[in-house]
Amino acid sequence: MIKLQGVWKEYQIDREITFTALKDITLTIEKGEFIGVVGPSGCGKSTLMYVMGLLDQPTKGSIHVDEKNVTGLGDDKISALRNAFFGFVFQQFNLINKLTVLENILLPSVYASVKLSYDPLEKARDLVDKFGLKGKENSYPNKISGGQQQRVAIARALIMHPECILADEPTGNLDSKTGESILDLLSELNREEKITIVVVTHDAHVAERTRRTIKMVDGQIV
Amino acid sequence: MKYIRYLVFTIKSAFFDFSRSKGRTFLTSLGILIGVMAVVLLMVLGLGLKRYIEQQFESLGSNLMYVMPGSKATITRGGGIVGGIKFDDKDVRTIEKVKSITYIAPGYAKAGSTVEANGKTEIVEIVGSSEQIVPMFNLEVEYGRLMEKKDVQKGGKVIMLSTTVVEKLFDSAEESVGKNVTMENQNFKIIGVIKSKGGGGLGGGGLDDHAYIPFKATYSFNPDKKFYAIYFKAENKDAIPQIKEDVQRLLERRYDKDDFSVLEQKEIMETISSIFSIINTVLVAIAAISLVVGGIGIMNIMYVTVTERIREIGIRRALGAKKSDILAQFLTESVILSLIGGILGLTVSYVIVFFLQSLFPAYIDAQSIILALGVSSAIGIIFGVFPAKKAADLTPMDAIRYE
C-alpha cells in the first residue's frame, strides 16, 4: 500500500555541512499492518514518518501510495492525498486551541477536495461519543486533559476515513495508564476497521503492542 | 455547506486571534482608520466646497453673463482675471445695444475692504455697480429699499449691506437703515438691508459680504473710473450664443480679442469646479499616503502573526490544507483587519461631517463609502499577500516541528 524505494533525506545545515536523516530506505507497508518504528532519538524515525506521510519530499528515491508514484506531484495533489489517505497523531497532540473539540475534529473535512459521501458533522459527533468525549464538544483543547486531547487528535485523524494513521510518539506526553488506553484505541482501530497504523516510538513497551517492528539507527533500517 | 464551514472557521480563527491581542489589533487598524478618515474627509470637504460654490452661483440666478479681461484660455486656467485691461462706461453702452440683453451693469470689485460702525469693523467686498445689479443678482430687500436709478445717477454715498454684515455692526438690522457706516475713509448711508443668500462660514461670507454702492461712488478710490467686469443677463438661455457672438464682435472693435472674454455663468462655474477638482485630487492623493503607511503597519503585524502561528500552519497543512487554503486564511485576516480600520474610519468621519454640516453642505456620499471600504479591502489584500505567501510556502514538516 505504501512503498518507499531508495529514499534519502538530506538537510543542508549550512553551505558545507549536510545532514543525512534517511539513508537509502526501502520499505513496503501492506494494508492493515500495525507497525512500530523504533530507534534512539535522532535516528531518523520521525523524518521517516513525515516523508511517508507526504509532509516533506525525499531528496532522492520514490514513494508509491496505492501503486501510484507520488514523488514530484504538485502541492495541491499531495495535500489532497494527505487529507484523504493519511491521519496524523502527534506527541504534542497538535490541536488548534482556538477551535473547539468538535471544530478540531471537523477541520480536515473543511480541507477536503472532493465532496464527502457522508455528513462530517454527524461523523464527528459519533466519534465524540465513541471516544468518551461527550459533553466536551464545545470545550477548547486547553481545557481538557492530555488523554482527552489525544483522543480528539485521533478522532480528527479518523474524520476523513483514512487508509493509514501515522502516529509520532502518541503516548509520549501521557502517563502510562492513559498511554495504554490510547494504544488500546489504536489497536482496536487496526483490528476492527482495518486501518493501517504506523507508530513511531522510542519506547520498547509501545513497540511491543505492534505486530511488526522496524528498527532504525543513523537513518538506516537495521 | 463545506464552504460556509470553511469561511466560518477562517473568520472565527481570525477574530479569535484579534481578541487575544486586542491592543495590537486596534493599533494596526488605527493606521487604516486615520488613512480612511483623511481621504474621506478631504473628499467630503472638496465636494462640499464645490457644492457651496455652485449654490452661490445658482443663487445669482440663471442666464447671467460676464465680460472679463484676459483671454478665455487664461481665465479657464484660473488666471488672468486680475490685471489686464479694464472696462469703462463706454463699453457698457456698447453692449447695452445688443439684442436680448435684459439687464447690464458695470462691476467694480474691491475685496478685503472694511466697513465700520459703532466702533465695530467688518470685512466686505465693495461692489460698485448700477441699480440693474439688483434684478441681475436676484437681490431682495429685507429692510429699507434697494438701489435705484437716481442713486446711481447722483453717485450718492449710499450703500446696501446684507443682514449678515449689518447684524454684526448694529443692535438690530432694522434700525441700521438710514445710519452711516465708514468705508474707505468715507461715510456711506445705509439705504437698504438685503436678504442673506446663505452660505458663508468658511472664513468668508460668500455673497453676503458684498457691499453694494453706486459705481460713481467708487471714483474717490478708483480714480481711473474703470472696472474689471461687465455683468449682463440674457433674456433666455437660447439667446446666449447669439449675445456672446455680438458682444465679442462689438468689443473687438476696441480691444484685441485676447484681451477680453465673454463668458456665461456656466463656464465660470465649470472653471471653478475644475480648479477645485484638481486641488481636491492632489489633497486626496496626499492623504492616500497615510493609507499606504497604514497598509505597511498591517503587513508588519501579519508577518509577526505568521511567525507566531507557524505551528498552526503546519498542523493545518498536515491535515490536508493546500497552500491556497493557508494563503486564503491569512489574506482573510489582513482584509478583516484592514476593513475594521476602514469601517471605524468611516464612522469617525460620519461624526465629524455631522458637526461640519452646520458650516457648509458636507455629506458622505455612497461613492466615498464604497471607495473607503474598497480601498481598505484592497490594502488588506496588497499588504497581506506577502506575509500570507510566506505562511503558505512553509514546508509542512518544518512548520509542524517549529518550536
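Values quoted throughout were computed directly from the atomic coordinates according to the rules given, and no laboratory measurement underlies them. Remember, predicted model here, so these are calculated numbers, not experimental data. Ideal geometry is used to build each Cβ from the backbone, glycine not excepted, and the neighbour counts take in all protein chains shown.
Worth pointing out:
- Against chain A, whose longest principal axis is taken from its Cα atoms, helix A:75-85 shows a tilt of about 60°.
- Charged neighbours of A:T100, selected by a Cβ distance under 11 Å, balance to +2 (K, R count +1; D, E count -1).
- Helix axis angle, A:176-193 relative to chain A longest principal axis, alpha carbon, degrees: 90
- Axial C-alpha extent at least 30 Å, average Kyte-Doolittle at least 0.0 - helices from chain B (DSSP): B:22-59, B:265-308, B:323-356, B:366-392
- Within the shell of other residues whose beta carbon sits under 10 angstrom from the beta carbon of A:I144, the net charge comes to +3, with Lys and Arg scored +1 and Asp and Glu -1.
- Positive minus negative residues near A:D66 (Lys, Arg vs Asp, Glu; Cβ under 11 Å): +1
- The stretch A:166-222: C-alpha gyration tensor shape, a/c 1.5 cut-off, then a/b vs b/c: oblate
- Listed pairs B:K97/B:K150; B:K168/B:K225; B:K150/B:K225; B:K99/B:K197 exceeding 26 Å between Cα atoms: B:K168/B:K225; B:K99/B:K197
- Largest mean-square fluctuation among B:A211, B:A321, B:A109, in a Gaussian network model of chain B whose springs join Cα atoms under 10 Å apart, belongs to B:A321.
- For a modelled paramagnetic label at A:K115, 7 Å from Cα along Cα-to-Cβ, the residues of the stretch B:1-20 in reach, with backbone nitrogen under 14 Å, are B:1-3.
- Angle in degrees between helix A:120-130 and the longest Cα principal axis of chain A, rounded to the nearest 10: 80
- For the residues B:A217, B:A173, B:A14, a GNM of chain B with alpha-carbon springs under 10 Å puts the largest fluctuation on B:A14.
- Restricting the trypsin sites (Lys or Arg not before Pro) of the stretch A:1-64 to loop positions (DSSP other than H, G, I, E, B) with no more than 13 neighbouring Cβ atoms within 10 Å leaves A:R15, A:K31.
- As a calculated quantity, the FRET efficiency between A:E122 and A:D75 at R0 = 30 Å, using C-beta atoms, amounts to about 0.45.
- Estimated from helices alone, the mean residue ellipticity of chain B at 222 nm is -18500 deg cm²/dmol (sum of -39500 (n - 2.57) over DSSP H runs with n ≥ 4, per residue).
- Ascending count of other beta-carbon atoms within 10 Å, so fewest first, for A:L106, B:L337: A:L106, B:L337
- Where trypsin sites (Lys or Arg not before Pro) in DSSP loops with at most 12 other Cβ within 10 Å are excluded, longest remaining stretch of chain B: B:100-252
- Applying the criteria of a DSSP loop state and at most 15 other Cβ atoms within 10 Å to the trypsin sites (Lys or Arg not before Pro) of the stretch A:108-205 yields A:K115, A:K134, A:K194.
- Cα-based shape type of chain B, given that a ≥ b ≥ c are square roots of the gyration tensor eigenvalues and the cut on a/c is 1.5: prolate
- Under 18 Å from A:K130, Cα to Cα: lysines that are on another chain or at least 8 residues apart: A:K194
- Links that overshoot a 20 Å alpha carbon limit, given the list A:K31/B:K323; B:K157/B:K226; A:K9/A:K215; A:K3/A:K23; A:K23/A:K77: A:K31/B:K323; A:K23/A:K77
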